[in-house]
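The values are calculated or read from the model by the stated rules, or taken from the named source; none is laboratory data. Owing to the predicted nature of the structure, the values given are computational and were not obtained by experimental measurement. Cβ sites come from the backbone with ideal geometry, for glycine too, and all protein chains shown count toward neighbours.
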Amino acid sequence: MRFTKMHGLGNDYVYVDGFSNTIDDPAALAVKIADRHFGVGGDGLILAMPAEDGVEADARMRMFNADGSESEMCGNGIRCVCKLVHDHGLGPNPTANPMRIQTGNGVLSLEYTLDGEGQVETVAVDMGAPILDLPAIPVDESKLDARLDNAVFVSMGNPHVVIYIDDDSDLVQPDLGAELERHPAFPNRINVHFVRVKSPEEVEVYHWERGSGATLACGTGACAVCVAGVLSGRTGRTLTAHLPGGPLKLHWEGDEGSKDGQVIMTGPAVEVFTGEWPDNG
Ligand SMILES: N[C@@H](CCC[C@H](N)C(=O)O)C(=O)O
């Protein structure tokens with residue numbers, strides 16, 4: 001089975017063409033193939049495949065974290081799926097621009113620019129409107145404790161908690177990230193983001209992702225950080241998030257006070273290499 005290793009700002013996944021390969025047990029394959037010592041190595045596995053029957057889209061993305069858990073969405077991943085579909089000519093409509101990709105958070109629209117060789121370079125994704133209703137994220141309010149007093153909860157189809165580091169304590173907090181990922185207030189676990197505000201337009205972020213641990217970038221997480229910044233009055237609707245792997249551009253559409261606009265995320269998609277895995281499972 002051929003695979004393509006790709007990344008968005010260092011958030012790296014093994015991508016498989018699900019238009020021509022059938023993967024019996026993608027969760028088990030994710031655990032094996034994402035292993036950085038015994039596999040290809042990555043933050044997980046992403047399949048680019050045909051949209052489900054009756055869904056109008058050019059492709060569908062399914063994403064699996066390194067521990068095999070499936071997530072509804074992946075911001076860096078969907079930019080790379082767009083590049084994979086376009087550059088490798090997958091599916092019925094590989095040059096569609098905008099391209100529509102089915103995800104666990106509905107069909108999203110992506111617009112891309114090409115480099116000098118005609119390959120996808122930068123992708124702007126309409127990530128949809130954030131979900132802020134606690135039970136829908138889901139967050140069990142009755143189980144929150146003092147550690148989460150100033151946290152902001154946002155779903156971009158997948159669940160996020162944003163924690164602001166307003167003093168000079170460390171931004172890089174893997175132990176707390178791992179603990180909060182499995183906190184009882186989060187029935188589906190959660191992605192954790194530690195944020196330091198640099199200015200109303202710029203933040204620095206450290207991510208602890210559900211199912212993959214520390215990553216160099218989290219696109220849905222950066223969208224949640226943009227939304228949380230507006231809700232908490234710390235940052236504006238247009239934001240550059242400096243992630244460990246590089247900067248990502250975010251914009252939450254809407255007038256002041258509006259909470260139902262779309263979040264637009266713009267960033268790079270990069271192919272690193274292709275290879276062959278011995279089997280499909
Ligand atoms: N890195 C991703 C998010 C991947 C899924 C996440 N770990 C989850 O379980 O929800 C991104 O770029 O959004």
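Among the residues of region 228-255, write down those that are among the hydrophobic types (A, V, I, L, M, F, W, C) and within 15 Å of HIS193 (Cα to Cα). Across region 228-255, the qualifying residues are ALA228, ALA241, LEU243, LEU248. Collect the residues in region 248-279 that are touching a helix residue (DSSP H, G or I) at 6+ places or on another chain (Cβ under 8 Å), closer than 14 Å to VAL14 by Cβ and among the aromatic types (Phe, Trp, Tyr), keeping them in residue-number order. Hit for region 248-279 is TRP277, nothing else.
When LEU90 is tested against (1) more than 14 Å from the ligand (Cβ to nearest atom); (2) within 30 Å of LEU180 (Cα to Cα); (3) surrounded by 17 or more Cβ atoms within 10 Å (Cβ to Cβ); (4) touching a residue at least 60 places away in the same chain (Cβ under 8 Å), only condition (2) is not met.
The sole residue among PRO174, PRO184, PRO135 that is within 16 Å of the ligand (Cβ to nearest atom) and out of contact with any Leu (no Cβ under 9 Å at 6 or more places or on another chain) is PRO174. For residues that are among the charged types (D, E, K, R) and not in a loop (DSSP other than H, G, I, E, B), scanning just region 223-281, find the one that is surrounded by the fewest Cβ atoms within 10 Å (Cβ to Cβ). Of everything passing the filter in region 223-281, GLU276 is surrounded by the fewest Cβ atoms within 10 Å (Cβ to Cβ).
For VAL85, are the conditions met, namely being away from the ligand (no atom under 16 Å from the Cβ), of a type in the set (A, V, I, L, M) and closer than 16 Å to LEU47 by Cβ? Spell out the reasoning first.
Values: away from the ligand (no atom under 16 Å from the Cβ): yes; of a type in the set (A, V, I, L, M): yes; closer than 16 Å to LEU47 by Cβ: yes.
For VAL85, the condition - away from the ligand (no atom under 16 Å from the Cβ), of a type in the set (A, V, I, L, M) and closer than 16 Å to LEU47 by Cβ - is met.
Would it be correct to say that LEU110 is part of a strand (DSSP E or B) and either crowded, with 21+ Cβ neighbours inside 10 Å or among the hydroxyl-bearing types (Ser, Thr, Tyr) (or both)? Yes. Being more than 23 Å from TRP208 (Cα to Cα) and without any contact (Cβ under 8 Å) to a residue 60 or more places away in the chain is a property that ASP58 has.
The set of residues from region 185-228 being small (Gly, Ala, Ser), in contact (Cβ under 8 Å) with a residue 60 or more places away in the chain and out of contact with any Cys (no Cβ under 8 Å at 6 or more places or on another chain) comprises GLY211, SER212, GLY213, ALA217, GLY221, ALA222, ALA224, ALA228. Quick check on GLU121: is it outside the structural domain of VAL230 (by TED's automatic domain parsing) and not in a loop (DSSP other than H, G, I, E, B)? The answer is yes for GLU121.
With the condition kept exactly as written, say whether any residue in region 28-50 is at pLDDT 95 or above, over 15 Å from the mean Cα position of the chain (by Cα), within 14 Å of the ligand (Cβ to nearest atom) and not in a helix (DSSP H, G or I). No.
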